[in-house]
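*Asks:* This structure is in structure tokens; I'll ask about it shortly.
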Amino acid sequence: MTSKTKSKIDNSVGPASFKRDEHGLLKNTQYVFKDDGSVDWRSMVKPEHLFPNKGWFQQRKQEAPTSSEGLRDDQLLIKLSGIKELAKLRGFDSVSYFTEKCELDHVAVNCTIGFIGNYETAGASIHYQDIANATLDNTYDFGQNFLETIACNRSFVRCVRNFLNIHIVGSDEIGPAPKSKATSSSKPSTSPQAMLSSHFDSDFQEFKALLREFWQKNIYQHDKIKDWESFSDIPIKEARVLLKLVKEN
């Protein structure tokens, strides 16, 4: 009978390396410090988490560089991955979210992070919170279908970078860049009204017939329906409601 040699499992390497010293800093990481002795968290952001803020250059009618090298903080954006890594380096033991507002066209979320104590806080743990929102005006494309998720990500990013004094805006915090009329007209609109129009092949009369059916069945009623003469007359909030109802009925 042939005996099988079992490979020895050793999981001690990770835990032995991922430890914090008496100052609350990871032992396996070389931190960068400012002249006053505090951690230079900005310098702890790796280059692969940074990229040029194209909107900054577009507003000034300048060509955006392909690399983040040599750019100022206000010309950069930081990825969510960079924020997560900073949070890990700093150390935290809790993250919670509270929805301040949740409507079809506007979601606001408050994020609270419990940062563990380190030498910068005299060993005291700190709970820091920040708020962010996501609306149909500051999101675009498919992101308009995930306002809650975007608001949560934005509040987390803002909470971490403001607590650590990172003055680079998170890529998740940026809304759609302003587009010229020529550019916007060349691409199909992703607004709720346009999506409704597309669903009915731009046949507003067919849509009105469905509205009458919804009204009779008490599925949907609105006192301004009689004033709607085209899909563009429908308020954004109502268009989102109707999109959902159309898909469900």
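The values are calculated or read from the model by the stated rules, or taken from the named source; none is laboratory data. If you're wondering where the values come from, they're calculated on a predicted model, not measured in any experiment. Cβ atoms come from the backbone with ideal geometry, glycine included; neighbour counts cover every protein chain shown.
*Asks:* Going residue by residue through the stretch 37-57, is there one that turns out to be over 24 Å from residue 172 (Cβ atoms) and either among the β-branched types (Val, Ile, Thr) or in contact with a Ser or Thr (Cβ under 9 Å, 6 or more places away or on another chain) (or both)?
*Replies:* Within the stretch 37-57 (the criterion being over 24 Å from residue 172 (Cβ atoms) and either among the β-branched types (Val, Ile, Thr) or in contact with a Ser or Thr (Cβ under 9 Å, 6 or more places away or on another chain) (or both)), the answer is no, since none of the residues qualifies.
*Asks:* Any residue in the stretch 201-227 that is assigned by TED's automatic domain parsing to the domain that holds residue 238 sitting within a Cβ distance under 6 Å of a residue that is assigned to a loop (DSSP other than H, G, I, E, B) and surrounded by fewer than 15 Cβ atoms within 10 Å (Cβ to Cβ)? List the pairs, counting only those 6 or more apart or interchain.
*Replies:* Partner pairs satisfying both residue conditions: 204/230; 215/221.
*Asks:* Only one residue in 38, 68 is assigned by TED's automatic domain parsing to the domain that holds residue 157 and out of contact with any Pro (no Cβ under 8 Å at 6 or more places or on another chain). Which one?
*Replies:* 38
*Asks:* Still on this structure, I have one more. Only one of (1) of a type in the set (Val, Ile, Thr); (2) touching a Leu at 6+ places or on another chain (Cβ under 9 Å); (3) closer than 20 Å to residue 149 by Cβ fails for residue 29. Which number is that?
*Replies:* (3)
*Asks:* Looking at the stretch 61-79 only, could you name the residues that are closer than 12 Å to residue 168 by Cα and either basic (Lys, Arg) or touching a residue at least 24 places away in the same chain (Cβ under 8 Å) (or both)?
*Replies:* 72, 73, 74, 76, 77, 78, 79
*Asks:* Among the candidates 112, 121, 149, which residue alone is surrounded by 14 or more Cβ atoms within 10 Å (Cβ to Cβ) and at pLDDT 95 or above?
*Replies:* 112
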